[in-house]
Amino acid sequence: YLPPESTVEDPIVQVTMNDATGEKHTYNIHVNDVNPNNATEMEIFAYLTYQGHIGNGIPGAINNYAAYKTLKYQDELHENNNIAEYGNRLFTSAKMDATAIIKHVYSWMKTINHPDAQKQAGWCRDLLDMLNMENVAAIQEV
């Protein structure tokens, strides 16, 4: 959200979010003050969102921040898998509910009107089909 005090010379992205207790917080991020070499996740979000707003978009991505998060995740996987103990422990011992994760992603991904998002929503349906036929019916409830 661009607040009224945002200008071309001093663009401001306003981010409002709830903390763990549900309390609402609003932050004004001055885009020109964001240093990509030393920034919080919220500052990067604001910067990349503003870039999209002014027409600088990553071709084929849902949005700039989604492209960044995908690359960040790839880097985390690469780095963590190079640390043998962490990678082995994560790969061999950490249990998760894969169907719950996929259903959760599908619940919000299906609402994004972008070809990549719709493709990934399809992946959710396909993966649930592969994992367990019962989940195909369950995803329709989401």
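Fully extending the segment from Thr40 to Tyr27, taken as 0.36 nm per residue of separation minus the present Cα-Cα distance, adds 3.4 nm. In this view, the solvent-accessible surface of Asp126, computed with a 1.4 Å probe and all protein chains in place, comes to about 90 Å². Residue order by solvent-accessible surface for Glu76, Glu41 is Glu76, Glu41, largest first, with ligands and nucleic acids left out and a 1.4 Å probe.
Please label the shape of region 1-47 as rounded, prolate or oblate, based on the square roots a ≥ b ≥ c of the eigenvalues of the alpha-carbon gyration tensor (a/c under 1.5 means rounded; beyond that, a/b larger than b/c means prolate, else oblate). Oblate, because a/c is 1.5 or more while a/b does not exceed b/c. Extension gain for the segment Trp123 to Asn18, taken as residue separation times 0.36 nm less the Cα-Cα distance, is 34.8 nm to one decimal. The simple spin-label model puts a point 7 Å past each Cα toward its Cβ; for Met130 and Glu9 those points are separated by 5.5 nm.
Largest accessible area first, the listed residues Tyr1, Tyr27 line up as Tyr1, Tyr27 when surface is computed with a 1.4 Å probe on the assembled protein chains. Please label the shape of region 38-77 as rounded, prolate or oblate, based on the square roots a ≥ b ≥ c of the eigenvalues of the alpha-carbon gyration tensor (a/c under 1.5 means rounded; beyond that, a/b larger than b/c means prolate, else oblate). Oblate.
The values are calculated or read from the model by the stated rules, or taken from the named source; none is laboratory data. Keep in mind the model is a prediction, meaning the values are calculated, not measured. No Cβ is skipped: glycine too gets one built from the backbone with ideal geometry, and neighbour counts run over all protein chains shown. In case anyone asks, the SASA skips ligands and DNA or RNA and just uses the protein heavy atoms, side chains included. Shrake-Rupley method; radii C 1.70, N 1.55, O 1.52, S 1.80 Å.
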